[in-house]
Every structure is written in C-alpha cells, then in structure tokens.
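Taken together, the values in this text are just the output of simple stated rules run on the coordinates, not laboratory data. On a predicted model such as this, the values are computed, not experimentally measured, just so you know. Ideal geometry is used to build each Cβ from the backbone, glycine not excepted, and the neighbour counts take in all protein chains shown.
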Amino acid sequence: APTAGPQAIAALVDSMNQRVAVGYKVALSKWDSGKPVEDKPREHTVIMAATSLAPGYQVSPQWAEQLFSAQIEANKLAQYVYLADWAAAGKAPGDTRPDLLTEIRPQLDTLQKTLLVQMAAAAPYRQAAQCHTWVARAIAAGAPDNLRRVALVRATAELCTTPH
Ligand SMILES: O=C(O)C(=O)C[C@]1(C(=O)O)C=C[C@@H](O)C=C1
C-alpha cells in the first residue's frame, strides 16, 4: 500500500482542513450580515499576526506570509461557492450561527498558532521529492467533499518547494 507520508504533513493538512471548515461558518455569518467575503483589513491583521508570531515558532516570516495568504485564498474560494449555492437555492442552511467577531475569528486565531507549530514540524519535508505526493494523499484522505478538496489544493499551493 502507498505510504501516507510523514505525520507532520498529514497534521498540517488536517489543520488547513479545519480552517476551511470554519469558512463554512464564516459564509453563514456573511449570508446573514450581507458583509462581503473579502475583508482586507482583517486579512492584513491575520498576515501581520502570522509574520510577527512566526519566529517564536521557528518559522520564517516569509513562509508564514505565503502560507497564511494561501489559507485566506482557500477560505474565500470556499465562501464564494457556499454563498453561490445558497443564492441559487434562495436560502442558506439553518445551522446555528456563531458570531464572526467574538466566536469565529477567535477560532481562526487559535488555529493560526496550531498551524505555526505544525509548519515548523513539516518544514524539513517541503524539499522532499515525494512532498507533492504526500500532500495530495493527505488531501484525498481528509477532504469530505469536492469543494473542500479544491479548497485544500489551494491552501497547500506552494507548500512543497520542489517542482512537480
Ligand atoms: O474573517 C473573515 O471575515 C473571513 O472571511 C476569513 C478570512 C480568513 O481566511 O482569515 C477570509 C477572507 C477575508 O478577507 C478575511 C479573513
């Protein structure tokens, strides 16, 4: 059987998967509030937090900026698709809505620290010849549906430093 690859890669992709899952709740809150998906000041806050925390986690600020930019792009992609589906249906699911500012963003902030810990652990594998294979298998194993798979492909772009 093909190996799943290093646990450090699997753990990192799992947390990215959790972050995209939070994007579903963000989209529900934006459906209700009518706020745009894209919030540039918040993106700036997320990236600034990542780059300033990174050295404390033995992660380079450059990689933190790149990786968290990819997480934000993946999150927006998923939100746009959820909102388009709900627009087509004329209604959104009735799930309980957590509050964006007091509940959802703090979850994303907590995940940011988890991701930074896992980035440090995964860093050595970025240059491995099998990196793309490991990442692709972690996505295939973890994505519950096609949208989450596409979002994870976006979230993991530039994770491996080797060419395909
Ligand atoms: O916090 C939000 O409002 C989100 O939509 C989440 C998020 C993110 O991924 O961190 C994504 C898009 C926004 O432009 C800002 C931040």
Self-check item: Check on Q18, near the ligand (Cβ under 9 Å from one of its atoms), within 24 Å of T114 (Cα to Cα) and in a helix (DSSP H, G or I)
Solution: no
Quiz prompt | Among (1) crowded, with 17+ Cβ neighbours inside 10 Å; (2) within 16 Å of the ligand (Cβ to nearest atom) - the single one V13 does not satisfy | solution = (2)
Quiz prompt | Matching residues, the range 121-152, being of a type in the set (A, V, I, L, M, F, W, C) and exposed (fewer than 15 other Cβ atoms within 10 Å of the Cβ) | solution = A129, A140, A141
Self-check item: the range 63-91, residues that are away from the ligand (no atom under 16 Å from the Cβ), over 18 Å from M16 (Cα atoms) and in a helix (DSSP H, G or I)
Solution: D85, A87, A88, A89
Practice problem: Can you tell me which residue among E43, E38 is near the ligand (Cβ under 8 Å from one of its atoms) and either farther than 19 Å from T102 by Cα or surrounded by fewer than 15 Cβ atoms within 10 Å (Cβ to Cβ) (or both)? | Solution: E38
Exercise. Could you give me the residue pairs with C-beta distances under 7 Å whose first residue belongs to the range 39-56 and is under 12 Å from S69 (Cβ atoms), whose second residue is more than 9 Å from the ligand (Cβ to nearest atom) and assigned to a helix (DSSP H, G or I) wherever it lies, and which are 6+ apart or on separate chains?
Key: I47/E65; I47/S69; A50/A64; A50/E65; T51/P61; T51/A64; T51/E65
